[in-house]
Amino acid sequence: MSEVCLCGSQVEQSKCCDPFLTGQKWPATPEECMRARYSAYVTSNIDFIKATQSSSKREEVNWDDTQKWADNATWKGLEIVAAKDNQVEFIAHYDMDGKNVDHHELSTFIEEDGKWFFDDGGIVQGQIRRDGDKVGRNDPCPCGSGKKHKKCCLNK
């Protein structure tokens with residue numbers, strides 16, 4: 001059996017992302033484009049990443065830094081969290097400089113001349129967790145001043 005695709009689709013590489021990376025096909029959906037772009041990062045195919053960047057943002061990207069990122073990361077996998085309309089939420093797992101990174105992003109794609117292109121992305125913030133109980137505005141300040149929280153540390 002052939003190798004499973006780098007994008008994690010569980011489809012053979014030759015039938016999944018390779019046709020996109022070699023220019024034989026163009027991704028038909030934002031999710032296909034995202035998966036192919038991930039495979040392009042794994043293989044340091046910056047030409048494909050550049051080609052699938054929206055025309056309005058292509059000149060804003062530092063392609064040398066993009067190349068360095070692709071070359072220096074040890075890519076470990078891609079999770080598609082959700083894909084709806086023109087947005088794809090994903091987590092790209094990689095190691096960089098000895099640190100494990102889980103890059104969680106919500107990417108927006110646009111259609112130009114019938115083709116999907118990556119336009120922009122933003123980091124998805126994780127859930128904020130408190131170590132202790134929630135302190136209300138009118139509760140005593142946890143610093144021990146004896147003042148209400150809203151009149152003490154909440155105001156700082």
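The values are calculated or read from the model by the stated rules, or taken from the named source; none is laboratory data. A quick note: this is a predicted structure, and the numbers were derived from the prediction, not measured. Reconstructed Cβ throughout: ideal geometry from the backbone, glycine too, with neighbour counts over all protein chains shown. The protein model used for the area step is the full one, side chains on, heavy atoms only, and it has no ligands, DNA or RNA in it. Shrake-Rupley method; radii C 1.70, N 1.55, O 1.52, S 1.80 Å.
Numbers at a glance
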item	result
Residue-averaged 222 nm ellipticity for the chain, from DSSP H runs of 4+ at -39500 (n - 2.57), nearest 500	-6000 deg cm²/dmol
Two-site FRET efficiency, ARG58 against ILE80, from Cβ-Cβ distance with R₀ of 22 Å, rounded to 0.05	0.35
Hz values of 3J(HN,Hα) by residue in region 69-76 - Karplus curve (6.51, -1.76, 1.60), Gly and Pro given as x	4, 4, 5, 8, 7, 9, 6, 10
Hits among lysines - C-alpha to C-alpha of LYS147 under 25 Å, sequence gap 8 or more where chains match	LYS134, LYS156
Å² of accessible area per residue within the chain, as computed with a 1.4 Å probe and no ligands counted	64
Charge sum, other residues only, whose C-beta stays under 15 Å from TRP26's C-beta, Lys/Arg counted +1 and Asp/Glu -1	-2
Prolate/oblate/rounded call for region 1-79, Cα gyration tensor, a/c under 1.5 rounded	oblate
Gain upon complete extension [VAL4, LYS148; 0.36 nm per residue less C-alpha separation]	45.9 nm
Quarter of the Cα convex hull surface for the chain, i.e. its orientation-mean projected area (nm²)	13.7
Relative contact order %, the chain, counting alpha carbon pairs below 8 Å whose residues are six or more apart	16
Cβ crowding within 10 Å averaged over residues, with 49-55, 93-99 ranked highest first	49-55, 93-99
